[in-house]
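The values are calculated or read from the model by the stated rules, or taken from the named source; none is laboratory data. Just so you know, these numbers come straight off a predicted model, no measurement behind them. Counting neighbours? That spans all protein chains shown, and the Cβs are built from the backbone with ideal geometry, glycine included. Calculation scope for accessible area: heavy atoms of the full protein, side chains included, ligands and nucleic acids excluded. Shrake-Rupley method; radii C 1.70, N 1.55, O 1.52, S 1.80 Å.
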Amino acid sequence: MLTRKQHELLLFIDKHLRETGFSPSFEEMKEALNLKSKSGIHRLISALEERGFLVRRHHRARALEVTRPPEGLVPQRLAPPTSVAEDEMEEGAGFTPNVIHGDFARQLPGVTAANQAGAVELPLYGRIAAGLPIEAMRDSSAHIEVPVAMLGGGEHYALEVAGDSMIDAGILDGDTVVIRRGETAENGQIVVALVDEGEVTLKRLRRRGASIALEPANPRHETRIFPADRVRVQGKLVGLIRRY
């Protein structure tokens with residue numbers, strides 16, 4: 001039997017995992033449950049672990065995994081954005097991707113079919129800063145294979161992360177992020193932001209009146225605030241791939 005707060009936290013974590021592909025930060029969980037300190041979140045997570053509802057997987061983007069939903073909740077988590085080798089090494093079993101038949105290139109503009117095992121190739125546009133902004137390199141000759149289950153409608157592309165400013169969101173230097181192209185994003189989403197038409201960075205977007213804040217997920221980095229007309233959203237994060 002879960003307490004109300006435990007149930008609320010489990011619902012929030014499951015929803016965040018399904019929508020973003022990675023675990024929410026302790027700050028996000030604290031705000032979602034309207035708690036005053038992160039220690040309360042730690043206690044709730046420990047209680048959910050003890051009851052078998054959550055598992056912590058350290059050093060991974062999906063650090064929290066809902067293993068047993070409460071009554072009335074049916075989990076619909078994304079397929080793990082990891083390689084077959086990693087799943088076999090950590091879970092002791094092979095990865096069986098979802099099979100989606102049809103013309104991937106027609107269903108997802110800018111995406112070419114990789115094979116009939118539920119994977120497609122996305123253009124890899126080079127490195128994007130998760131620290132100080134750098135200009136993204138649009139090298140259309142490079143591609144990366146991505147599970148179809150990670151994607152939805154729309155056009156997608158991939159970028160390699162450079163820097164450590166998003167580590168508390170589970171995004172590490174050298175990771176590959178999958179981006180759904182678009183010019184809009186909700187408050188709090190992690191986006192590819194173009195600053196002053198010349199700098200590109202991966203940050204959490206917050207609107208503050210007529211300004212936009214680009215927030216890191218690392219206390220060693222500062223939030224940067226710009227007038228809204230200096231920042232353009234170029235896409236939002238929908239998945240992450242890590243190689244070991």
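See the values below:
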| read-out | value |
| --- | --- |
| Inter-residue pairs, beta-carbon under 6 Å, first within 22 Å of residue 175 (Cα to Cα) and of a type in the set (A, V, I, L, M, F, W, C) and in region 16-36, second open to solvent by 20 Å² or more (accessible area, probe 1.4 Å) and in a helix (DSSP H, G or I), 6+ apart | 26/38 |
| All positions within region 201-217 that are closer than 22 Å to residue 158 by Cβ and open to solvent by 10 Å² or more (accessible area, probe 1.4 Å) | 203, 204, 216, 217 |
| Scan of region 48-80 for residues that are surrounded by 12 or more Cβ atoms within 10 Å (Cβ to Cβ), more than 30 Å from residue 152 (Cβ to Cβ) and modelled with pLDDT under 80, ordered by number | 51 |
| Subset of region 218-244 [part of a strand (DSSP E or B) and more than 19 Å from the chain's Cα centre (by Cα)] | 224, 225, 226, 227, 231, 232 |
| Residue identified as over 13 Å from the mean Cα position of the chain (by Cα) and at positive phi among 183, 197, 215 | 197 |
| Those residues of region 151-189 which are within 18 Å of residue 235 (Cα to Cα), aliphatic (A, V, I, L, M) and open to solvent by 10 Å² or more (accessible area, probe 1.4 Å), in sequence order | 151, 162, 185 |
| Pairs with Cβ under 6 Å, 6+ apart, first in region 220-244 and within 17 Å of residue 155 (Cα to Cα), second open to solvent by 60 Å² or more (accessible area, probe 1.4 Å) and assigned to a loop (DSSP other than H, G, I, E, B) | 233/183 |
